[in-house]
Amino acid sequence: NPRANKLVEQARSAEKAGHSAKALGLYDDALGALEEGGTEPYAADVLRWKGTLLRECGETEGACRCYTQSLDKAGVSGSVRAEAHALNCLAIICQRRGENKEAERLYAEAASLADKIGEARLLGMIQQNRGVLANTHGDFAAASELYMKSLGAFESTGDAEAQSWVLNNIGMLHTKTGKFGEAREYFERALDIAVQRGDTIVESVVTLNLAEASVGMERL
């Protein structure tokens, strides 16, 4: 649907520029255009993107509705990829609400589907989310294992940006457990990627974490 594609492109641009209300309106227009074409899988993606924007704006309930609709659309269209994405997003909502058991159940289901269809990047995202959840529970061994699986998935797809996120998470985990030398190694890897990509946001976050690890090592 060319019209829907154009509207989504405009929504993405508006979102990147920080014009959230405009972006939400454009996503709605795109969804309206897609309704005219029946049940194509793209509608599930658009609903998910709208939901994520709502989530980032703090509108958790609105995001949950969009993700639920996205899951329904994925089922109707038969898109396993869209279904896995929607389940991952619904798990994030459960995690935000403190419903951790349900979050883990949804993450596990999403991971199984992503693995089944060979969606390595999506699987990496899910495993990273599961690692964060395990870390929150204080299950550091499980968190480490999930982060490493996530890193491997991102490395297999050549996704440098996502690798920098996971490397930072692994470094933070090592800092939390007092393994400051190991933490520093992962932070330095993340920092190298951020600098090469010109990603100043990740660079600043990792630099701050690297400073904390250095304090732990008494390298004042």
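The values are calculated or read from the model by the stated rules, or taken from the named source; none is laboratory data. Every value quoted in this text rests on a predicted model; they were computed, and no experiment measured them. FYI the Cβ positions are ideal-geometry reconstructions off the backbone, even for glycines, and counts take in every protein chain you see. Note: areas computed on protein heavy atoms with side chains; ligands, DNA, RNA excluded. Shrake-Rupley method; radii C 1.70, N 1.55, O 1.52, S 1.80 Å.
I'd like the full set of residues that are open to solvent by 40 Å² or more (accessible area, probe 1.4 Å) and farther than 14 Å from D115 by Cα, limited to the range 70-80. Please lay out each step first, then the result.
First, the residues of the range 70-80 that are open to solvent by 40 Å² or more (accessible area, probe 1.4 Å): 71-73, 75-76, 78, 80.
Once the filter is applied, which keeps residues that are open to solvent by 40 Å² or more (accessible area, probe 1.4 Å) and farther than 14 Å from D115 by Cα, the range 70-80 yields L71, D72, K73, G75, V76, G78.
In this structure, does S144 turn out to be over 20 Å from the mean Cα position of the chain (by Cα) and farther than 19 Å from N88 by Cβ? No, not satisfied. Look at (1) more than 18 Å from Y107 (Cα to Cα); (2) out of contact with any Lys or Arg (no Cβ under 8 Å at 6 or more places or on another chain); (3) among the charged types (D, E, K, R) and you find that D159 fails only one, number (2).
Go through the range 124-147 and give me each residue that's aliphatic (A, V, I, L, M) and surrounded by 15 or more Cβ atoms within 10 Å (Cβ to Cβ). Even if it seems obvious, please write down each step before you answer.
First pass over the range 124-147, keeping only residues aliphatic (A, V, I, L, M): 125-126, 132-134, 141-143, 146.
Listed by number, the residues that qualify are M125, I126, V132, L133, A134, A142, A143, L146.
The residues listed here are E15, E35, E83, E9; of these, the one that is farther than 30 Å from D139 by Cα and either in contact with a Leu (Cβ under 8 Å, 6 or more places away or on another chain) or open to solvent by less than 50 Å² (accessible area, probe 1.4 Å) (or both) is E15.
So that you can scan it fast, the table gives a plain yes or no per residue for (1) over 24 Å from the mean Cα position of the chain (by Cα); (2) touching a residue at least 24 places away in the same chain (Cβ under 8 Å); (3) farther than 22 Å from T68 by Cβ:
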site: A11; (1), (2), (3): no, yes, no
site: D28; (1), (2), (3): no, no, no
site: G32; (1), (2), (3): yes, no, no
site: E35; (1), (2), (3): yes, no, no
site: K50; (1), (2), (3): no, yes, no
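K116 passes all but one of (1) open to solvent by 20 Å² or more (accessible area, probe 1.4 Å); (2) farther than 24 Å from Y67 by Cβ; which number fails? Checking K116 against (1) open to solvent by 20 Å² or more (accessible area, probe 1.4 Å); (2) farther than 24 Å from Y67 by Cβ, the one that fails is (2). Before we move on, is Y67 over 30 Å from H137 (Cα atoms) and aromatic (F, W, Y)? It is false that Y67 is over 30 Å from H137 (Cα atoms) and aromatic (F, W, Y). Just so you know, in the range 148-196 the residues that are within 26 Å of E119 (Cβ to Cβ) and among the charged types (D, E, K, R) include one that is least open to solvent (accessible area, probe 1.4 Å), and it is D159.
When you scan the range 41-56, do you find a residue that is of a type outside the set (A, V, I, L, M, F, W, C) and more than 24 Å from G75 (Cβ to Cβ), even just one? The answer is yes, given that some residue of the range 41-56 is of a type outside the set (A, V, I, L, M, F, W, C) and more than 24 Å from G75 (Cβ to Cβ).
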